[in-house]
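Single-structure report; data block below.
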Amino acid sequence: MGSIKVKPKLKNGVVKVKALASHEMTTYDIAKKRTGNRDDANFITHISASVNGEVVWEASTSQFLAKNPIFKFQFKGIGAKGDKVVMTWTDRKGKTGKGKGKIK
Amino acid sequence: MQRRKFLSLVGLSAVAMSAAPVALSATDWRETKPDVWTAKNVDDAIKAMYGDKKIAEGDITVTTPDVAANGGAVPVNVKSGLNAKTVAIFQDANPESAVIVFDVNKYGVVNYDVKMKLKSVGEPITVTCVIETTDGKVFSGKRTLDVALGGCEG
């Protein structure tokens with residue numbers, strides 16, 4: 001089970017989130033170099049964030065994000081101070097990671 | 001064999017159709033548009049994603065450093081005032097082009113930062129951001145940068 005650090009901050013009606021997912025993010029090229037098998041590549045393929053059960057941000061991703069990728073994004077119209085932003089990712093091997101943070 | 005293939009296709013599309021209304025916001029673009037992620041150049045990737053739609057220059061700002069010291073983690077910011085439905089980022093240095101596709105819903109503000117890996121290819125790299133608006137128009141914005149030390153070779 002992987003993890004994400006989530007740090008949301010509310011300012012002027014917009015919640016800004018900084019998130020750090022712990023993941024190796026191996027590309028096909030790196031996998032081939034290390035193990036000789038292209039298929040050993042593993043990276044986050046989908047990541048999303050939700051507040052009070054509603055999705056506020058999501059992305060489908062490729063192998064070209066940095067190792068332990070940092071995401072910064074914003075949303076508005078939902079989320080008050082103290083609400084939790086819950087984030088989850090799924091990787092190429094089907095593993096998932098979770099993390100949450102309180103809006104400050 | 002032919003028939004089996006056809007049947008499985010029908011089955012798949014039926015599942016996709018019945019799942020569509022439920023999955024209003026959760027689109028996994030890797031599943032719905034697999035060609036985007038294997039496309040070897042930006043034009044092909046954009047075509048796979050948006051079809052033959054005309055792409056106009058639009059209100060999109062892509063920010064990167066002029067020279068990225070470390071290709072393993074190049075900070076990229078995309079910002080736009082457009083009424084976006086999807087935001088996609090492509091680059092022309094790595095073996096495949098697509099990096100990330102964001103889904104934007106009513107809560108979204110298009111101001112995203114990500115860190116991406118870029119291979120050093122000895123020439124300027126172009127990062128392209130393509131936004132499809134809620135009314136189906138497609139816009140793009142570009143930024144060119146140099147990478148000193150590649151981050152894709154491992």
With the crude spin-label approximation of a point 7 Å out along Cα→Cβ, what separation in nm comes out for A:D40 versus A:N52? 4.7 nm
Could you name the aspartates and glutamates in cross-link range of B:K79, using Cα to Cα under 15 Å and dropping any fewer than eight places away on the same chain? B:E57, B:D59, B:D103, B:D113, B:E132
Considering only Cα-Cα distances, which of the following residue pairs are longer than 32 Å: A:K67/A:K104; A:K81/B:K47; A:K11/A:K95? A:K81/B:K47; A:K11/A:K95
Taking each pair of different alpha-carbon atoms in the range B:91-154 once, compute 1/r for the pair, average those values, and report the inverse of that mean as the Kirkwood hydrodynamic radius in Å to one decimal. 13.5 Å
Once the piece of chain linking B:K40 and B:K79 is laid out straight, how much longer is it, given 0.36 nm per residue of separation minus the C-alpha distance between them? 11.5 nm
With Rg from the Cα atoms and Rh as the Kirkwood inverse mean 1/r over Cα pairs, the range A:1-99 has an Rg/Rh of 1.06
Please report the spacing between the Cα centers of the range A:51-104 and the range B:86-104 in Å, no decimals. 18 Å
Can you give me the Rg/Rh ratio for the protein assembly as shown, using Cα atoms for both radii and the Kirkwood formula for Rh? 0.96
Of A:K9/B:K117; B:K33/B:K137; B:K117/B:K142; B:K53/B:K115; A:K76/B:K142; A:K5/B:K115, which sit over 20 Å apart, Cα to Cα? A:K9/B:K117; B:K53/B:K115; A:K76/B:K142
Relative contact order of chain A, pairs being alpha-carbon contacts under 8 Å that are 6 or more residues apart, as %: 36 percent
Let me know the volume per residue of the alpha-carbon convex hull for the range B:29-147, in Å³. 97 Å³
Sequence of A:E58, B:E96 once ranked by neighbouring C-beta atoms within 10 Å, starting from the fewest: B:E96, A:E58
Which shape class applies to the range A:9-59: rounded if a/c is under 1.5, otherwise prolate when a/b exceeds b/c and oblate if not, where a ≥ b ≥ c are the square roots of the Cα gyration tensor eigenvalues? prolate
Expressed in nanometres to one decimal, the distance between label points 7 Å along Cα→Cβ at A:K18 and B:D113 is 0.7 nm
What is the list of residues in the range A:73-90 whose amide nitrogen lies under 17 Å from a point 7 angstrom out from the Cα of B:K106, following Cα to Cβ? A:75-80
Calculated [θ] (222 nm, deg cm²/dmol) that DSSP helices of n ≥ 4 give over chain A, each run adding -39,500 (n - 2.57): -2000 deg cm²/dmol
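Values in this text are rule-based calculations from the coordinates and carry no lab data. From a predicted model like this one, the values you see are computed outputs, not experimental measurements. Positions of Cβ are generated from backbone atoms using ideal geometry, with glycine treated the same way; all protein chains shown enter the neighbour counts.
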